[in-house]
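Every number in this text was worked out from the coordinates using simple rules, so none of it is lab data. Note that the structure is predicted; figures quoted are calculated from it, not measured. No Cβ is skipped: glycine too gets one built from the backbone with ideal geometry, and neighbour counts run over all protein chains shown.
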Amino acid sequence: MRIAMIGTGYVGLVSGACFADFGHSVCCIDKDAAKIDGLNAGRMPIWEPGLEAIVKANADRGRLTFSKELGQGVGDAEAVFIAVGTPARRGDGHADLTYVFDAVRELAKVIKPGTVVVTKSTVPVGTGDQIEQILREEGVTEVSVASNPEFLREGAAIADFKHPDRIVVGAEDARAREVLTEIYRPLFLNRAPILFTGRRTAELTKYAANAFLAVKISFINEIADLCEAVDADVQDVARGIGLDNRIGPKFLHAGPGYGGSCFPKDTLALLKTADSAGVDQRIVRTTVQVNDDRKESMVERVARAIGGNLEGKRVGVLGLAFKPNTDDMREAPSIPLIKALVERGAEVSAFDPVAREQAERVFDGIHFASDAYEAAADADALVIVTEWDEFRALDLDKIAGSLRGKVLVDLRNVYDRGEAEEAGLAYYGIGRGKLGHA
Ligand code: NAD
C-alpha cells in the first residue's frame, strides 16, 4: 500500500517506520522543516529505543521517505494518516483540534477520490464527522474517513506497534475497512486482534482506555497513602490484588502521579466530551483531581524527609522524563516537584540519561549533572523521580558517600528499605509502611 503520514512526531514517525517495515511505501510529512531535514540526514528527532535502526533500514530500502510538502508527500497514497498533536486547549482542557483541521484543509487541496483518511491522533468523539464535513465544504467527495487510534507507549513504541494488544478500526464503509485490513495484514497474520467498530466508538475507545489506566494509577496511589497511615506495604498490596486476573498486575505501581503527553490531556478531554453530552463522569473527574494534587504534593515529602525547611538545601533529582526510555518531558512529575523545590529556596542538581536537552527548555536555574553520583554530590537528599534502569543498580554506598544528608526519597519504590539502610541512608518510599511516610 502507499501511505502518507501527516505529522512525524512520536506516533507518526513510529507508525510510518513500522508500516514501511511491513512492506508498505510510506511518506512521513511534517511542517517542522528542521525535523524533516534532520530525518533526511539520518538524525532522529526523538529518543525512542530501536527507532533509528528501523527508520534507517527502511529509508535505505526506499520504502520510507520524508517530506515538508503535504502535496508532494500525499501523492497517490491510498491511505493518509493524520498523526498531528491534539494538545489540551489552553484554558479549558478541550482537545485542541487546530492541527488536525489545518492538516485536513491542506489535504483537501491534493487528495484524490478513493483515498482513505485515517485519524491516528487521539481525537474526541465526532471529529471524524467534522473532518468529513470540512472535506465536503472544500469540495472533496468520494473519500472515506476512518478512525484508527494508537495505543503505543513511548519507550516501548516499536514493540507495541508491532505486537499490539489490539488494533481498533472505526470505519463507516467497506472501502475504509478493506484498506485498513490490508495495511495491518502482517499483524493480522500474527493473530493480533483487530476490532472493527463504528467511527465514533473507536474515537471514544481510545479515551476510555487512557482514562481507565489513569484511574488505576490514582487508585493505587490513594491505597499507598492509606498504607502509610496504617503501616501496610503498597508493593505487597499491589501484588496481592494484581495476581487476580480480573485486576491484573499492570499500572499498579504507586508513585508521584501520572504525567506524559497523553493521560493528563486525554482525561481532561474526556471530561469535556462528557460535559458537552450532559453526562457526568465522576470517577474520571476525581482521578484528575487526585493526580493533580498528588503531583503538587511531592515537594512536601522531600521537605519532610530533610526536616521541613528547603531554604538553602541542596536536592539531587534522578530522572526528569515523564517515564523511563523516553526524552519526553510533557507533564512530567519532575516539573511541579523541581519548580516547587526551587521556589522554596532549594538548589537542585538533576540528572536524566536522555532528557537533558528537553529539560533545559523547561527548567531555569537548576544544575544538570552528568550522572547520578554527581547529582548526589553534597546534596541533603537524593530523590528518584523516574525509574530508569540505571537508577535500579546504583552503588548505594557510593551514593551515601557523596550525599551530605543521608536521605533517599524513592518516589518509584525502586529500592528496599533494608538495602538503603545498610548503606547508611534514611529511606522514604511511597506507601511502604509507617516508616515510609516521609
Ligand atoms: P508530537 O507533538 O510528537 O508530533 C506531532 C507532529 O505533527 C509534530 O512534529 C508537528 O510538527 C506535526 N504537525 C502538526 N501540524 C501539522 C501539519 N498541518 N502538517 C504536518 N505536520 C504537522 O505528537 P505525538 O506525541 O506523536 O502525538 C500525536 C497524536 O497521537 C496525539 O493526538 C496524541 O494524543 C496521540 N498519541 C500519542 C501517543 C504518545 O505516546 N505520544 C500515544 C498514542 C496516541
**Fill in**
Quick shape check on the range 1-120: root eigenvalues a ≥ b ≥ c of the Cα gyration tensor, a/c under 1.5 is rounded, otherwise prolate if a/b tops b/c, else oblate, and it reads oblate
**Message:** What lysines does K162 reach when the alpha-carbon gap must be under 19 Å and sequence neighbours fewer than 8 apart in one chain are set aside?
**Reply:** K56, K120, K206
**Amide H contacts of L403 (H built 1.01 Å from N, under 5 Å, at least 5 apart or other chain)** = D378
**Request:** Treat every Asp and Glu Cβ in the range 7-152 as -1 and every Lys and Arg Cβ as +1, leave all other atoms uncharged, and give the resulting dipole magnitude about the Cα centre to the nearest 20 debye.
**Result:** 240
**Request:** Would you mind getting me the FRET efficiency between N245 and I283? Use the beta-carbon distance for r and R0 = 35 Å, nearest 0.05.
**Result:** 0.95
**Prompt:** In the range 159-230, with Lys and Arg counted as +1 and Asp and Glu as -1 at Cβ, which of these residues, A159, L195, F219, has the Cα nearest the positive end of the dipole, that is, farthest along it?
**Reply:** L195
**Prompt:** K295: which aspartates and glutamates have alpha carbons under 13 Å from its alpha carbon, excluding same-chain residues fewer than 8 sequence positions away?
**Reply:** E222, E331
**Complete:** Interchain or sequence-distant (5+) residues whose placed amide H lies within less than 5 Å of the amide H of S261 are none
**Request:** Compute the label zone of A159 within the range 311-329: residues whose backbone N is under 14 Å from the point 7 Å along Cα-to-Cβ.
**Result:** 324-326
**Asked** Points 7 angstrom from Cα along the Cβ direction at A208 and N309: gap in nanometres?
**Response** 5.5
**Request:** Compute the distance in nm between two label points, each set 7 Å from the Cα along the Cα-to-Cβ direction, one at E138 and one at D37.
**Result:** 2.7
**Prompt:** Using the alpha-carbon atoms, what tilt in degrees (0 to 90, nearest 10) does helix 282-305 show relative to the longest principal axis of the chain?
**Reply:** 40
**Message:** Run the paramagnetic zone check for Q72: 7 angstrom along Cα to Cβ, then residues of the range 10-54 with backbone nitrogen under 20 Å.
**Reply:** 13, 16-17, 25-45
**Message:** Quick query: amide H of I194 versus all other amide H atoms, modeled in the peptide plane; which residues come in under 5 Å with a sequence gap of 5 or more or a different chain?
**Reply:** I167
**Prompt:** Mind checking which aspartates and glutamates have their C-alpha under 17 Å from K68, skipping anything on the same chain fewer than 8 residues away?
**Reply:** D30, D32, D37, D76, D102, E106
**Prompt:** Mind ordering 16-24, 206-214 by average Cβ neighbours within 10 Å, highest first?
**Reply:** 16-24, 206-214
**Asked** Any idea which of G248, F351, M329 is furthest toward the positive side of the dipole for the range 245-378, if Lys and Arg beta-carbons carry +1 and Asp and Glu beta-carbons -1?
**Response** G248
**Item:** Percent RCO, i.e. relative contact order, over the chain, from Cα pairs under 8 Å lying at least 6 residues apart
**Value:** 12
**Fill in**
With R₀ set to 35 angstrom, the calculated FRET efficiency between the beta-carbons of E357 and A393, to the nearest 0.05, is 0.90
**Request:** Taking the dipole about the Cα centre of the chain, with the C-beta of Lys and Arg at +1 and of Asp and Glu at -1, give me whichever of G424, G9, A232 is farthest to the positive side.
**Result:** G9
**Estimated distance in nm for a label pair at T197 and S276, the labels positioned 7 Å out from Cα along Cα-to-Cβ** = 1.7
**Prompt:** For the range 92-229, what class follows from the C-alpha gyration tensor (a ≥ b ≥ c being the square roots of its eigenvalues): rounded when a/c is under 1.5, otherwise prolate if a/b is larger than b/c, else oblate?
**Reply:** oblate
**Message:** How large is the Kirkwood hydrodynamic radius of the chain, counting all unique pairs of alpha carbons, in Å?
**Reply:** 23.2
